[in-house]
Amino acid sequence: MSIKHDLYLTRKPLAGFIAIGVAWAVYFAHMPVIKANVGASDGAYGVAVFFAALGAVGAMWLAPLAQRLVGGKALPVAILVVAAGMFAASFSSLLVILALAMLVASIGSGVTDVLINARVSEIEARSGRTLMNLNHALYSFAYAGAALLAGVLREAQVDLRVIFAFLVVVLTGLAYAARDVSPNIEDGTDGTPAEMPHRLVIMAGLVVLVAFLAEASSEGWSALHLERTLGGTPGEGAMGPALLGLTMGVGRLSGHGLARFMRDTTLMLVATLVSTSGLLLAGLATNVPMALAGFALGGLGISVVAPLALAFVGRSVPDASRLAAISRASVLGYGAFFFGPPMMGVIAQGFGLRTAFVVIAILLAVTAIVLIPALARRAKVAL
């Protein structure tokens, strides 16, 4: 079967993946401007993002409740909540208002994330196709395209509020396209199946956590690193998240094919080491092109790790536990958005963004050397 058929199978949740990608790409590409509008230091901004991440993590636990209350309208409503939070962020002149706006956007994003991954997992189980990397790839391409466009608009000095108003229109259209998606995630909400391999789920969730940490750190701080640390222009700053998204899309499309010929754990290990080298290069870069090359390499490597880990969980647990296991691994992985931004902010405040990216590279190396082999042993598969 073709990729076209795979896209047709997941067309509804795919609208959710694209919505998240576009929304956060536009936000992060304008992060230096938004941060400057509220006059926040790196540390204060990191704390604000930490507060918003609390909403995302809580929302992931509340996603099943949202599904029960509004059924197939849960995903469209969640996308519209993201739109509302983003639009409010563009008007923020105080850090507390920005934090509240990001909280709203993060709540919508958290619910969307659980629903779309649960739905793709169901479709994988029903069709026998590996679809997670493909959907995450389209998320990355949407992210890259939106970030590039945002950079062009910044260079043209288009008003921030006009850009975010257009974003609301786009997200509204995607919410309409995502209607009637009703993932069956109730098995993961009312008690835990006794046969669930808890340690495997926790270890896979930790792999997802580190992958999301590397992804979120690069997405959220690459523009600032390029502009402030290396003296890049606003257009070059926007190229950071754009190039990251592009290479992550390429990596995930490649992973969609490679997953049929390589073990998940082997591919995860190699990809994590590639990302380690990329973020180390970005952190130690002495000029913008070197840093962009590092972010590109980092994105190419880290792109497949979280989707592979989630798919690995889905294939390693009994059918009755699949959705509950993926839900728990996803929530644990989202811890990256819980402590990652304040960690980056604190390190950047005290030691600079170079050191912050080197720390992320070290965590990736530890994951490749220790955690992924341990996950393989727990699942009793060879690397």
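Values as computed for the structure displayed
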read-out	value
Candidate set from segment 234-257 (those that are farther than 16 Å from Gly298 by Cα and in contact (Cβ under 8 Å) with a residue 12 or more places away in the chain); member that is most open to solvent (accessible area, probe 1.4 Å)	Glu236
Of all residues in segment 89-107 being of a type outside the set (S, T, N, Q) and more than 11 Å from Ala52 (Cβ to Cβ), the one that is least open to solvent (accessible area, probe 1.4 Å)	Leu95
Residue that is in contact with a Ser or Thr (Cβ under 8 Å, 6 or more places away or on another chain), crowded, with 23+ Cβ neighbours inside 10 Å and either at pLDDT 85 or above or within 16 Å of Leu273 (Cα to Cα) (or both), where the choices are Ala356, Ala376	Ala356
Residues (aliphatic (A, V, I, L, M) and either more than 23 Å from the chain's Cα centre (by Cα) or more than 30 Å from Leu200 (Cβ to Cβ) (or both)) located in segment 226-270	Leu226, Leu230, Ala238, Met239, Ala242, Leu243, Leu246, Met262
Residue match in segment 284-299 (condition: open to solvent by less than 20 Å² (accessible area, probe 1.4 Å) and of a type in the set (Phe, Trp, Tyr))	yes
Residue among Val57, Val47, Val33 that is in a helix (DSSP H, G or I) and within 15 Å of the chain's Cα centre (by Cα)	Val57
Candidate set: segment 121-130, residues that are surrounded by fewer than 24 Cβ atoms within 10 Å (Cβ to Cβ) and not β-branched (Val, Ile, Thr); chosen: the one nearest to Arg260 (Cα to Cα)	Arg129
Criterion violated by Gly188 - all others in (1) at pLDDT 85 or above; (2) closer than 18 Å to Val120 by Cα; (3) not charged (D, E, K, R) satisfied	(1)
Number of the condition not met by Val304 [criteria: (1) surrounded by 23 or more Cβ atoms within 10 Å (Cβ to Cβ); (2) free of Cβ contacts under 8 Å to residues at least 60 places away in the same chain]	(2)
Segment 360-383: number of residues that are over 19 Å from the mean Cα position of the chain (by Cα) and within 19 Å of Ile302 (Cα to Cα)	13
Residue within segment 30-46 that is open to solvent by 20 Å² or more (accessible area, probe 1.4 Å), within 18 Å of Phe212 (Cβ to Cβ) and out of contact with any His (no Cβ under 8 Å at 6 or more places or on another chain) present	no
Residue in segment 299-311 that is of a type in the set (A, V, I, L, M, F, W, C), in a loop (DSSP other than H, G, I, E, B) and within 26 Å of Ser109 (Cα to Cα) present	yes
Residue satisfying all of: in segment 360-370; touching a helix residue (DSSP H, G or I) at 6+ places or on another chain (Cβ under 6 Å) and under 16 Å from Ala336 (Cα atoms); surrounded by the most Cβ atoms within 10 Å (Cβ to Cβ) among these	Ile360
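Table: residues versus (1) part of a helix (DSSP H, G or I); (2) at pLDDT 90 or above.
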position	(1), (2)
Ala271	yes, yes
Thr286	no, yes
Leu323	yes, no
Ile326	yes, no
Ser330	yes, no
Pro342	yes, no
Leu364	yes, yes
Ala368	yes, yes
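The values are calculated or read from the model by the stated rules, or taken from the named source; none is laboratory data. Keep in mind the model is a prediction, meaning the values are calculated, not measured. Neighbour counts run over all protein chains shown; Cβ positions are idealised from the backbone, glycine included. Accessible surface areas use protein heavy atoms only, side chains included; no ligands, DNA or RNA. Shrake-Rupley method; radii C 1.70, N 1.55, O 1.52, S 1.80 Å.
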